[in-house]
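S.K.: What follows is a structure written as structure tokens; I'll ask about it next.
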Amino acid sequence: MKTIRNYVDGKWIESETERFLDVENPSTGEILAQLPISTKEEIDFAVASAKSAFLKWRELPVTERAKYLFRLKILLEQHFDEIARITTMENGKTLSEAKGDTKRLLENVDAAMGVPSLIQGKILLNIAHHIDEYFVREPLGVFVNISPFNFPGMIPFWFLPTAVACGNTFIVKQSSETPLTMTRIFELIDAAGFPPGVLNLIQGNREIGDYLIEHPDIRGICSVTSTPVAEHIYAKGASCGKRLCCQAGAKNFLVVMEDAVLSKAVPNIISSVFGNAGERCLAGTNIVAVGNVYDKLLRKILKSCSEIKVGYGLEPDITMGPVISQKAKTRIENYIQTGIDEGAQLLMDGRNIKVKKHPNGHYLGPTIFTDVDLKMKIAQEEIFGPIMAVIKVQTLEEAIEMLNEGSEFGNAATIYTSSGKSAQKFANEVNCGNIGINIGVVAPIALFPFAGKKKSFFGTLHGQLPDALDFFTDKKVVITRWW
């Protein structure tokens, strides 16, 4: 049995803890490794190492810092398939989905290699007689990333490359459910030759995250979690004076107009709702059918769902994997029962799915509810599973009001239409951070911030560039006069 280690001060270190968690393959039930719940002394050592490394790392020319990222990128590309395979094994998503995650990871490294030009300050001569003024960007210190299970490689890289390119040092606290992907990536970080202490990996549970948030030598926290956890991190972090970027949960609406091209829209909807088994903050969940499109849309959705093949994502032709754990499966099944109890019509029941080759996997099939009222829990709460709720409205105005006033979340929303007028109205009026026009998964590339509003985000600066540049630096203003 493999025991995962911490990576601190440029070395792999066995934890001295007596507490461990199992890391499970959710597709098979196989235990892949044991994860230590690191001790407070081990966390203190990691923070001290990062703090010490910061003093020299910040002084290294930014072009030299970028060269380390270039070396890392080459290694990541060489091990691309291996990283994706590990992600599938510990997370359950299909191999093609895992490759998509790994590609996005690389894009963020690419973007951060542009920091030497992006980090430049600004100067204005003669603001007054013989007086010049300029500002420079300075790194801040040690940052911590608290990451979720659903994108174990990609999400830390929304932050990590930019943080270190700007001159900060960085600690990753990965999800205890999916630590193997980042462990392999840190082996490549080690091979890339980063100076000791610049990048560190700490294993543990939520308790470890709390200790990191409170640590006096941590300057900022960047996290991607559910909304309740994000609120907790934001409140605790603010009370400790931290710089904070807390991406949070979602309940995303996909609005289908009568003029939508259903032959293209429906496959896109299916991918949005059931891709990654619905375990992503950009997953579509509430499908809003406008006007007379309802019946035709529903027939096409049911036909497409019948073609989804559930199983182990490393096997050929599988289009949907399991959910992350038995605990998650039970929670999602409880939501299905809640939907029935609330009066929604269960048109397709994913609880009946069986994968004979892997009876111990945590599988659910596509689940579809109709006759859904917006006040129902299945329409309001983030389920994080393969459940679709279909809602019927008469007009686009009604749909927009539903999105803006009927949901506490504001992560993503999409409209399917052939009308530029409808698309423009939707983009202008919907109060969400990421808007899709005939795009069901509105995932910004590395050069655009991963936006979010309302209870889908806590902070002022989002993950990815250009926001990350401001998050990981502070501006120092200098005003000069020479007599």
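The values are calculated or read from the model by the stated rules, or taken from the named source; none is laboratory data. These numbers come from a predicted model, not from an experiment. Don't worry about glycine lacking a Cβ; one is built from the backbone with ideal geometry, like all the others, and counts go over all protein chains shown.
S.K.: On the given criteria, is Val477 at pLDDT 95 or above and assigned to a strand (DSSP E or B)?
M.R.: The answer is yes for Val477.
S.K.: Is there any pair linking a residue in the range 218-241 that is closer than 20 Å to Leu282 by Cβ to one that is part of a helix (DSSP H, G or I), with Cβ under 6 Å and at least six apart or on different chains, and which?
M.R.: Ser223/Ile233; Val224/Ile155
S.K.: Cβ-Cβ distance below 8 Å, separation of 6 or more or different chains: which pairs start in the range 119-131 with a residue that is small (Gly, Ala, Ser) and end on one that is assigned to a strand (DSSP E or B)?
M.R.: If the second residue must be assigned to a strand (DSSP E or B), the pairs left are Gly121/Tyr134; Gly121/Phe135; Gly121/Val136; Gly121/Arg137; Gly121/Lys475.
Results for (1) crowded, with 22+ Cβ neighbours inside 10 Å; (2) outside the structural domain of Pro36 (by TED's automatic domain parsing); (3) within 19 Å of Phe159 (Cβ to Cβ), shown as yes or no for each residue.
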site	(1), (2), (3)
Gly204	yes, no, yes
Ile221	yes, no, yes
Pro228	no, no, no
Ala235	no, no, no
Gly241	no, no, no
Glu258	no, yes, no
Leu262	no, yes, no
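S.K.: Another question, if that's okay. Quick one: would you say Ile340 is closer than 15 Å to Ile368 by Cβ, more than 24 Å from the chain's Cα centre (by Cα), outside the structural domain of Lys93 (by TED's automatic domain parsing) and among the β-branched types (Val, Ile, Thr)?
M.R.: Numbers: closer than 15 Å to Ile368 by Cβ: yes; more than 24 Å from the chain's Cα centre (by Cα): yes; outside the structural domain of Lys93 (by TED's automatic domain parsing): yes; among the β-branched types (Val, Ile, Thr): yes.
Criteria met by Ile340.
S.K.: Under the condition of being within 14 Å of Pro156 (Cβ to Cβ) and of a type outside the set (Val, Ile, Thr), which residue from the range 98-115 is surrounded by the fewest Cβ atoms within 10 Å (Cβ to Cβ)?
M.R.: Step one: list which residues in the range 98-115 are within 14 Å of Pro156 (Cβ to Cβ), which gives 101-102, 104-109, 112.
Next cut, of a type outside the set (Val, Ile, Thr) only: 101, 104-108, 112.
On the way: Asp101: 24, Arg104: 20, Leu105: 28, Leu106: 20, Glu107: 17, Asn108: 26, Ala112: 29.
Per the criteria, the residue is Glu107.
S.K.: Moving on to the next point. Taking the range 357-369 only, how many residues are touching a helix residue (DSSP H, G or I) at 6+ places or on another chain (Cβ under 6 Å) and either not in a loop (DSSP other than H, G, I, E, B) or not assigned by TED's automatic domain parsing to the domain that holds Pro267 (or both)? Before you say what the answer is, go through the steps one by one.
M.R.: First, the residues of the range 357-369 that are touching a helix residue (DSSP H, G or I) at 6+ places or on another chain (Cβ under 6 Å): 362, 364-367, 369.
Those left that are additionally either not in a loop (DSSP other than H, G, I, E, B) or not assigned by TED's automatic domain parsing to the domain that holds Pro267 (or both): 367, 369.
Of the residues in the range 357-369, 2 are touching a helix residue (DSSP H, G or I) at 6+ places or on another chain (Cβ under 6 Å) and either not in a loop (DSSP other than H, G, I, E, B) or not assigned by TED's automatic domain parsing to the domain that holds Pro267 (or both).
S.K.: Also, I was wondering about something else. Can you pull out every residue in the range 370-398 that is assigned to a helix (DSSP H, G or I), of a type in the set (A, V, I, L, M, F, W, C) and closer than 22 Å to Arg351 by Cα?
M.R.: Filtering the range 370-398 for residues assigned to a helix (DSSP H, G or I) gives 377-380, 396-398.
If we keep only those that are of a type in the set (A, V, I, L, M, F, W, C) too, we end up with 378-379, 396.
Result: Ile378, Ala379.
One line per residue, one yes/no per condition, for (1) touching an Asp or Glu at 6+ places or on another chain (Cβ under 8 Å); (2) farther than 15 Å from Lys309 by Cα; (3) at pLDDT 95 or above; (4) among the aromatic types (Phe, Trp, Tyr):
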{"residue": "Ile336", "(1), (2), (3), (4)": "yes, yes, yes, no"}
{"residue": "Ile340", "(1), (2), (3), (4)": "no, yes, yes, no"}
{"residue": "Leu347", "(1), (2), (3), (4)": "no, yes, yes, no"}
{"residue": "Asn352", "(1), (2), (3), (4)": "no, no, no, no"}
{"residue": "Val355", "(1), (2), (3), (4)": "no, no, yes, no"}
{"residue": "Gly361", "(1), (2), (3), (4)": "no, no, yes, no"}
{"residue": "Leu364", "(1), (2), (3), (4)": "yes, no, yes, no"}
{"residue": "Phe384", "(1), (2), (3), (4)": "yes, yes, yes, yes"}
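S.K.: State all residues of the range 116-153 that are in contact with an Asp or Glu (Cβ under 9 Å, 6 or more places away or on another chain), in a strand (DSSP E or B) and buried (at least 18 other Cβ atoms within 10 Å of the Cβ); if no residue qualifies, say none.
M.R.: Within the range 116-153, Arg137, Pro139, Val142 qualify.
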